[in-house]
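The values are calculated or read from the model by the stated rules, or taken from the named source; none is laboratory data. Just so we're clear, the structure is a prediction, and the values are computed from it rather than from any experiment. A quick note on method: Cβ atoms are made from the backbone with ideal geometry, for glycine too, and the neighbour counts reach across all protein chains shown. Ligands, DNA and RNA are excluded from the accessible area calculation, which covers all protein heavy atoms including side chains. Shrake-Rupley method; radii C 1.70, N 1.55, O 1.52, S 1.80 Å.
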Amino acid sequence: MSKKDFYVTTPIYYVNDVPHIGHGYSTIIADVIARYKRLTGYDVLFLTGTDEHGQKVEKAARDRGLSPQEHCDLMVGPWKELWRRLNVSYDDFIRTTEERHERVVQSIFQKLYDQGDIYKGFYEGWYCIYEETFYPESQLVEGCCPECGREVEWLREESYYFRSSKYQDQLLSYIKENPTFVQPDFRRNEVVSFIESGVQDISVSRTTFKWGIPVPFDPDHVVYVWFDALINYLTGSGYLQDDEKYRKFWPADIHIIGKDIIRFHAVIWPTMLMALGVELPEKVLATGFWTLGGEKISKSRGIVIDPNRLIEEFGEDSIRYFLLREISLGLDGEFTQEALIRRINGDLANDLGNLIHRTVAMMMKYFKGAIPESHQLGRLEEDLKEEALGLASIIDNAMNRMDIREALVQIWRVIGRANKYIDEASPWALAREGQTDRLETVMRTLLEAIRVITILIYPAMPRTAEKIWDQLGQADFKSVTIDDAKSWDGLARGTSVKKAPPLFPRVEIE
Ligand code: ME8
């Protein structure tokens, strides 16, 4: 029996600052996957949340004259609000300062210590607060952090270590035997060579500041923020709290992350799980970065695009569509307003918007909106029907490879086909000539194709799909499943289409 449960996660975001569009990207990808899986009959657990401990958050709180907890309680608001505005359908939002999580982290730390996989040592080396990462001297670039270019600080403190090195060989065989564990492929190669160059034990506790989960058996130490953060995926699955839920959802099916944190997810995290005797996640998918002027969009580098402003100006589905359609998964993309507007005016207003608008206008004119029955299909109708009904399986294939962009390209191919069909079938000529049966067949065929397209755009553009569904005069979208996109003649008898304002008004370029 195939597993019908699906567990998808996003990174948990640092609350040192408010979100920018780059953060939106990973969360939107996870949302599309979650919605697609629900549509195809899976019971989904979609987890996102915030990473609230560590020196960086502590410093941000201090700079604002707040206690770290007050700061986190205030900062979590803008994150949740952005996910609401982007229509993100998470099932659970985890904060690492929650008691449920702290308990799990402490139990794991204790267990690994008891079994000898965590031991006490002495850390001496370089640390970047901004990346919350330790770097060996050899990785520094001109003495600075290789990731963000900031100054690193020399740390010299007593520290607990996790014995990741012990699991190096096991991890390497695992990655070689499971070639889709790390995606895209070129990232897997990077991970493999990193592991081959030698996995070092990692420092997993700090003594020089306090904002972290106390090490249960040594209160002078707090747990290193990354060790704490990675465990959120287990906490969210019910691990050590709710056995039934944990058995249902673990192992996670996919962790969506940015390429900057791949080593934590594809090296350290799996070794932690191996030490715990817990199954590894199915897949770690690393996305590329959105850049501005070639530089990573990043709040603390002052390179920012405020997603809230974009949503207000263009609507959340336009933003979702643009981010998903514009770049191939795993690669970087330059964010420009011109490119965004080009997609809105082209793909959304011209292609999709016009298809709906023209169809509804003709339906009002010829049938006062009432959806007609079909008669004998001609060659053109059979063609469009075949294209539309073949779409679900093409998309399934793309989505199983997590290729959301390709899924959209395929949907837009059929949207193009439907627009062309209107011109070929020329309903206006049929109306003029009084060919009523044929006109009914053409309009019904068009509406059926739109019905299928609407179901398939739902994961990427949920609000738009619901709006079109409503324009088609169909009942609540909630009961729709992927099977409805695989069968023809699904428009309910006796229903009528409705006029509505344009879905995507053209954006004038100043
Ligand atoms: O790293 N383009 O959190 P974080 C695309 N708390 N994606 C971007 C981006 C950009 N310009 N900037 C950020 C952390 N991201 C840890 C994670 S998980 C157990 C702990 C995305 O807030 C990208 O996915 O610094 C990155 O990995 C994520 O935001 C988290 O960033």
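A few comments on the model shown:
- Accessible surface comparison of W83, W226, probe 1.4 Å, protein chains only, largest first: the order is W226, W83.
- Principal-axis analysis of the Cα atoms of the chain puts helix 436-457 at an angle of about 0° to the longest axis.
- Cysteines of the chain lacking any other cysteine Cβ under 4.7 Å from their own Cβ: C72, C144, C148.
- Taking the protein heavy atoms of the range 337-485 in the context of the full set of protein chains, the accessible area attributed to carbon and sulfur is 47 percent at 1.4 Å.
- Value at 222 nm in deg cm²/dmol, rounded to 500, when DSSP H runs of n ≥ 4 in the chain each add -39,500 (n - 2.57): -14500 deg cm²/dmol
- Sequence of E316, E124 from largest to smallest accessible area, 1.4 Å probe: E124, E316
- Each Cα pair under 8 Å and six or more residues apart adds its separation to the average, and for the range 337-485 the resulting relative contact order is 28 percent.
- Net length gained if the chain between K4 and E177 were fully extended (0.36 nm per residue, minus Cα distance): 59.9 nm
- Once C-alpha pairs closer than 8 Å and six or more residues apart are averaged by separation and normalised to the residue number of the chain, the relative contact order reads 16 percent.
- Summing Lys and Arg as +1 and Asp and Glu as -1 over all other residues whose Cβ lies under 9 Å from the Cβ of A398 gives a net charge of -1.
- Annotation for K166 and S328: the two label points, set 7 Å from Cα along the Cα-Cβ direction, are 4.1 nm apart.
- Compared with the direct C-alpha span, the chain from R103 to K368 gains 89.2 nm at full extension, assuming 0.36 nm per residue.
- In loop segments of the range 352-391 as defined by DSSP, the trypsin sites (Lys or Arg not before Pro) with at most 10 further C-beta atoms inside 10 Å of their C-beta are K368.
- The charge dipole of the chain, taken about the Cα centre with unit charges on the Cβ atoms of Lys, Arg (+1) and Asp, Glu (-1), comes to about 1340 debye, rounded to the nearest 20.
- Relative contact order computed over the range 320-422 (Cα-Cα under 8 Å; 6+ residues apart), in percent: 40
- Between D43 and D73, the modelled labels are 3.6 nm apart [label points 7 Å from Cα along Cα→Cβ].
- GluC sites (Glu not before Pro) within the range 361-408, DSSP loop, no more than 14 other Cβ atoms inside 10 Å: E373
- By the Cα gyration tensor, the chain has an equivalent ellipsoid whose semi-axes, rounded to whole angstrom, run 49, 23, 20 from largest to smallest.
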